[in-house]
């Protein structure tokens, strides 16, 4: 029984060390999860912007097809591709195509920017989790040391 009584301070010290390590590890694990989320958001931002670029290219290509068809129809009707009405209509088609392309780029840029902002927030959270784990670990060590000193002098 005397052995157990003599071992109690060492057991308490070991428990304090284990609790400290657990607090630090918990902070590291939370930081890792936040970093993974940030990486996923950065990937999503890149994908959003790439998809918007593809949509913009598609809008421009569709406008070019419509303009080409309009020129062919104008030429076959006898009006001529340089007729002011034909030029005006084809200009409107080109403008609409460019408007849709720029809208797609804006939407992709906005979505990508939002995802990047969120990724930055997760990066900041990861740093906070790491610091919190270390601080909690230090508090555990100091608290355990104070308790041991009070109980066992």
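The values are calculated or read from the model by the stated rules, or taken from the named source; none is laboratory data. In this text, all values refer to a predicted model and were calculated from it rather than measured experimentally. Glycine also receives a Cβ, built like all others from the backbone with ideal geometry; neighbour counts cover every protein chain displayed.
Any idea which of 82, 103 is over 25 Å from residue 139 (Cβ atoms) and not in a helix (DSSP H, G or I)?
Values: 103 fails: not in a helix (DSSP H, G or I).
Just one listed residue meets the conditions, 82.
Going residue by residue through the stretch 57-76, is there one that turns out to be in a helix (DSSP H, G or I) and under 26 Å from the mean Cα position of the chain (by Cα)?
First, the residues of the stretch 57-76 that are in a helix (DSSP H, G or I): 57-76.
Retained after the next criterion (residues that are under 26 Å from the mean Cα position of the chain (by Cα)): 57.
Yes, because at least one residue in the stretch 57-76 is in a helix (DSSP H, G or I) and under 26 Å from the mean Cα position of the chain (by Cα).
Rundown of residues vs (1) modelled with pLDDT of 85 or more; (2) under 27 Å from residue 143 (Cα atoms), yes/no style:
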{"residue": "5", "(1), (2)": "no, yes"}
{"residue": "14", "(1), (2)": "no, yes"}
{"residue": "29", "(1), (2)": "yes, yes"}
{"residue": "34", "(1), (2)": "yes, no"}
{"residue": "51", "(1), (2)": "yes, no"}
{"residue": "55", "(1), (2)": "yes, no"}
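Report, by residue number, each residue of the stretch 44-56 that is buried (at least 17 other Cβ atoms within 10 Å of the Cβ) and more than 16 Å from the chain's Cα centre (by Cα). Walk me through it before giving the result.
Residues of the stretch 44-56 buried (at least 17 other Cβ atoms within 10 Å of the Cβ): 44-45, 48-49, 52, 55-56.
Within the stretch 44-56, 52, 55, 56 meet the criteria.
Just to be sure before I move on: is residue 24 in a helix (DSSP H, G or I), surrounded by 13 or more Cβ atoms within 10 Å (Cβ to Cβ), touching a helix residue (DSSP H, G or I) at 6+ places or on another chain (Cβ under 9 Å) and modelled with pLDDT of 90 or more in the structure I sent? So that I can check it myself, show each step before the final result.
Working: in a helix (DSSP H, G or I): yes; surrounded by 13 or more Cβ atoms within 10 Å (Cβ to Cβ): yes; touching a helix residue (DSSP H, G or I) at 6+ places or on another chain (Cβ under 9 Å): yes; modelled with pLDDT of 90 or more: no.
No; evaluated as a whole, the condition is false for this residue.
Only one of these conditions is not met by residue 128: (1) over 21 Å from the mean Cα position of the chain (by Cα); (2) within 30 Å of residue 13 (Cα to Cα). Which number is it?
The failed condition is (1).
Does the stretch 115-122 contain at least one residue that is in contact with a helix residue (DSSP H, G or I) (Cβ under 8 Å, 6 or more places away or on another chain), surrounded by 14 or more Cβ atoms within 10 Å (Cβ to Cβ), without any contact (Cβ under 8 Å) to a residue 60 or more places away in the chain and closer than 30 Å to residue 59 by Cα?
no
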